[in-house]
Structure formats: C-alpha cells, structure tokens
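Report on the structure given below.
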Amino acid sequence: MTTVDRKVAELRHKLAGIGADFARWRAETEPGRPLRKHHTQVVRLTDRLGGMVGRIDGELDTVVAGGGDDVLRECRRLQLRMLEVHRLWDFYRAKLNLRYVEWYRPFLTAVDEFAWLCYAPAAAGSDREAPLVHLSGEFSPFTHLRETPFAVEDVPDALNTADFLGVVTKLPIPVIGLPWYQLVHLPDAPVIAHEVGHAVERDFGLLGTVRAVTRPVFRTMPEARRDAWDTWLPEVFADLYGVLAAGPAFASTLADLLVVDDARMAAELTGPVQVHPPAAVRLALAATALAETGFPATPVACGPFEDDVAPMTGALLAGPYPGLGDRPLREVIAFTAAQQANAVTAADGLVDHQRPETSDVRCLIAAARLAFDRRPALFAPPPPGEVNAQDLVLDKVAKAVGDGSRADHGDDVPAADDRAAGVRLYDLIDEMIAKGSR
C-alpha cells in the first residue's frame, strides 16, 4: 500500500468517525435520555454539519479519481476541513456536555426550559430553534455572538476566530451564556429573557422594523438624543422583550444587575454613548413597560432621556412586526396577570418552605425572584440533608418538564435542506480561508 493509499484510508476512517459521533449524540436525544429536550437542536446541527461532511467525502472521491501529484496536498486540505467540522460541532458539543454533570443538570434543565418558553411564542410556525443555554466566565448573561471572548485554536490554513464566529452565526442554534455563579442563584434567571430577546431580534430580522416603528419618535428628538437611542435600540428591544416574558420579576432582576451608586448612575446619563443605555434609562423603560402591561410600577427618573421613554416604549410594544406575523410585540408574548398571581402564590409558598404548585416554568422562575426579593436567606446554601428555595423550584421544574421531547413548535426542516445549507457553509469556509491566506 502506498503513502497515498494509506492517507486516503485514514481520511475515510476519520470521516466515518464524524458520522458515528453524530449518531451517538442523536441517540442521546431520545425520550428519557439526558438530551431529550434538545432533540431538534442536535438533529438540525448534525444535519447541517453532515452536509459539510458529505461535501468533503465527495471531494475526496474526486481527488482520488484524479490522481496526480496533488493528492497528498489535497488530502491535507480536506483534513483541515474535517477539523473545521469538529471545531464547529465542539462549539455546541461542549455546552451539551454540561447536561451530563448530575449536579448541574437541574439548573440547566430549568434555564433551558425558561429560554425555550420565552422564545417559542415568537418562533411559532417557523423553523427556528430556541437558544442553547450554557455556563461561562462572563460577568453577566450574554448572547453569542454579540460580545464574546471566545477564541479558536490558531491553526494554519484554518478559520481564525473572527471568521469562525461568523460561520457559527450561520448555524441554526443561538447560544446564551450565563455566569457560573448563577448555578446557585436561580433568582437571577429572569434576565435570560433579555438574551432571548436578542435572539428573537436577530433570528427574525427585526432590527429594520425596530428602527421603522421608532422613526416617528426620533423626529421629536434633538440629534444627540436620536443618535443615542439609535445605538441603544437592540438593547431596548431586548429589555422590553424581557418585561413581556417575565413581568415584574424581570424588572427586579434587571435592577439588581445594574445596581450602581447614585453618582455613577447620574454620570452615565451625560457620559459617552455606549452599546447599553445608562442604567437609569433601562430601569425607566422597564417600569414604563410594566405600567403599559398592567402592572404597578414606580417611574424612574432618567435625566435628558426621560421624555423619550414613554413614546419609545409604546412604539416598540405596538409594532407591528412583519417578522413576527405582523403582530404587536405585546401580542407575541406576555406575562399575564394570571401568571403573576401564580408566581406570587408560588413565592408565598417558598417563603413558607413549601414546594410550588404551578407547573408553568415562567411562573416558577419569576417566583424564585419574587421570593428572593422578600427573603434572600431562602436561597442561602442549605445544611447537608436539607433543601433551600432553589431546590424546591428546581424539583418542581424537573417534574413539569417531564421525560419526553419538546412538542413540535413550527415547521419541520427537511434534513436535505439543512444538508444543502451545510454544503453552502463549506463553500463559505473555503472562501474565508482562501481570502485569509492571501
């Protein structure tokens, strides 16, 4: 057997190994298995990446049939493309792996389900997949790939970090990172709804609509304020989505996340424009959205932006959004008065160390926040053999979620479509690497 024969056999074995790995992960999404709630996510990812694998296999056949002096060089190129498949898959695989750590699983089950329930109303009738939640070293929750320290290994003739992240955005599953310390502090979970809002805005192409519906409000502002609000629009939309998804619990969580001293809060209002609005503006928006949706709220002063908050909130809640079926945002998702009542009842029970009765996971997450606001000590680490309020909520979520896969929420995507998209992704990677090598 020649060197070329051995190299070709090696590549065929490695290609087959990718398919075998995909099959094992898909088997882990069957009912009763640890990844049962991630069935469509894993299937779509492996179909999409499987399209890349099929393209590599076809190119290897062509290389072998052509023979010549370039076979080994082409084999090296194809092996690097296999590496890209593994690196893209590992971006998700490493996050799915966390579900196999027994003491992480209850928390991740709860936040996955909460993210799903916040995303599903927007995704109804579409082929979009809910975000995958994972744990990270960031200070606060974030949605890839807006602001992330993620970096890939430096491999010659492979994708650099910027291009790799660009390719990840072409895959069908967004991801949400949570700080590791949230594992033991479920009351922070409502802020996940903000990150889901970012995923909804991006996945359904809403930024153009967001700008269009706020244009009449912009016309009433001086240029400096208009430029500031234009910069903030994605964050403003995400905050309002959070209020609609989790109600008063979201506003409370946001307030704790943004807490700063009065001097800094005042300085933010007159300082340079950042990606995120000043804390006072965000809290004013949340309070206004609560009032607009029927909940009591105390107005928040926000200096020069105060007169803009109500019309901006009203415009964004009203829409309508063609990407969401021409509906107002407040009709896409809402935290109803009945849900708030259930959350309050569940919080009352937690204060009395009772397991919640509601099975609505959005209410359960809200209840954790409301109970923490009333009595933070409920969430202190319990003595050995005892449980705290977080344990009570997570136990109830586990029972509510059950052992089956999630019900279908929209249109099935034929595997052939995802595989075809994977072929296009392969071509994009080739172009990126060729451009980077020049």
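Annotations
- Under a model in which nothing but the beta-carbon of Lys, Arg (+1) and Asp, Glu (-1) is charged, the chain shows a dipole of about 480 debye around its Cα centre.
- Each of Val401, Val393 was scored by other Cβ atoms within 10 Å of its Cβ. Arranged with the fewest first, they read Val401, Val393.
- Between the helical axis of 415-437 and the longest alpha-carbon principal axis of the chain there is an angle of about 80 degrees.
- Amide proton proximity set for Arg327, modelled H, under 5 Å, gap of 5+: Tyr321
- Anisotropy class of the stretch 287-436 from Cα gyration tensor, a/c 1.5 cut: oblate
- For the stretch 205-332, radius of gyration divided by Kirkwood radius, i.e. Rg to Rh on alpha-carbons: 0.94
- The stretch 205-332, relative contact order [Cα under 8 Å, separation at least 6], %: 30
- Förster radius 22 Å - calculated FRET efficiency between Thr336 and Glu357 (Cβ-Cβ, nearest 0.05): 0.80
- Rg and Dmax, both from the Cα atoms of the stretch 34-98 and both in Å, are 15.2, 49.
- Degrees, to the nearest 10: 3-27 long Cα axis against longest axis of the chain: 30
- Label corresponding to Rg and Dmax of the Cα atoms in Å when calculated from the structure given, among (1) 21.4, 77; (2) 24.1, 79; (3) 50.8, 161: (2)
- Treating r as the C-beta distance of Arg327 and Arg6 and R0 as 56 Å, the FRET efficiency rounds to 0.40.
- Residue by residue, the stretch 115-129 carries 3J(HN,Hα) couplings of 4, 4, 5, 6, 8, 4, x, 6, 8, 3, x, 10, 9, 7, 10 Hz when phi is fed to the Karplus relation 6.51 cos²θ - 1.76 cosθ + 1.60 (θ = phi - 60°); x denotes Gly or Pro.
- J(HN,Hα) series, the stretch 378-387, from Karplus relation 6.51 cos²θ - 1.76 cosθ + 1.60, nearest Hz, glycine and proline x: 4, 9, 5, x, x, x, x, x, 10, 10
- Ordering Leu135, Leu98 by the number of other Cβ atoms within 10 Å of each residue's own Cβ, fewest first, gives Leu98, Leu135.
- Taking the longest Cα principal axis of the chain as reference, the axis of helix 223-246 is set at about 90 degrees.
- Under a 5 Å amide H cut-off, with hydrogens placed 1.01 Å from N, Leu132 pairs with Val175, Ile176 among residues at least 5 apart or on other chains.
We did not get these values from a lab; they are worked out from the coordinates using the rules stated. Keep in mind that what you see is a predicted model, and the values were worked out from it rather than measured. So basically every Cβ, Gly included, is an ideal-geometry build from the backbone, and we count neighbours across all protein chains shown.
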